[in-house]
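In what follows, a structure is listed as structure tokens, so that the remarks can point back to it.
What follows is calculated from the coordinates using simple rules that are stated; it is not laboratory data. Fair warning: this is a prediction, and the values are worked out from it, not measured in the lab. Please note: Cβ atoms are built from the backbone with ideal geometry, for glycine as well, and neighbour counts cover all protein chains shown.
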Amino acid sequence: MSGTQLSDKALAVFAFAAFHQLESGQKVSKVVRRDGAGHKADDEAVAELTERGLISLDGDYINLTADAERMLEEAIRGMRQALSG
């Protein structure tokens, strides 16, 4: 994986996964690409994350790789630290 920063659109995919993990209390390893309610993962973000080896596509689902799952956990941990009072 490249050491360069992810685009905001790519970060949004992680934010979507983080939302579902925090809301459900269960580990998230995949998210739906299109939710049927007008929300969808940006095509550029999907291409970026695929090129970096962070996701794979399986039909309507975006599967997180092991590296992406670790990044998601770190992001959630960082949010908790940043937002704890």
Q. Per residue of the chain, what 222 nm ellipticity follows from adding -39500 (n - 2.57) for every DSSP H run with n ≥ 4, rounded to the nearest 500?
A. -17000 deg cm²/dmol
Q) Between MET79 and SER7, what is the label-to-label distance in nm when each label sits 7 Å out along the Cα-to-Cβ direction? A) 2.2 nm
(Q) Taking the alpha-carbon distance from LYS27 and a cut-off under 16 Å, which aspartates and glutamates remain once sequence neighbours fewer than 8 residues away in the same chain are dropped? (A) ASP67, GLU69, GLU73, GLU74
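What per residue convex hull volume, in Å³, do the alpha-carbon atoms of segment 8-80 yield?
On the way: hull volume 6.6 nm³, N = 73.
Normalising the Cα hull of segment 8-80 by residue number yields 91 Å³.
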Q) Can you list the residues, at least 5 places off or on another chain, whose amide H is less than 5 Å from the amide H of THR65, using H built in the peptide plane? A) ILE55, SER56
Q: Starting from the Cα of ASP43, step 7 Å along the direction of its Cβ; do the same at ALA66; then give the gap between the two resulting points in nm.
A: 3.3 nm
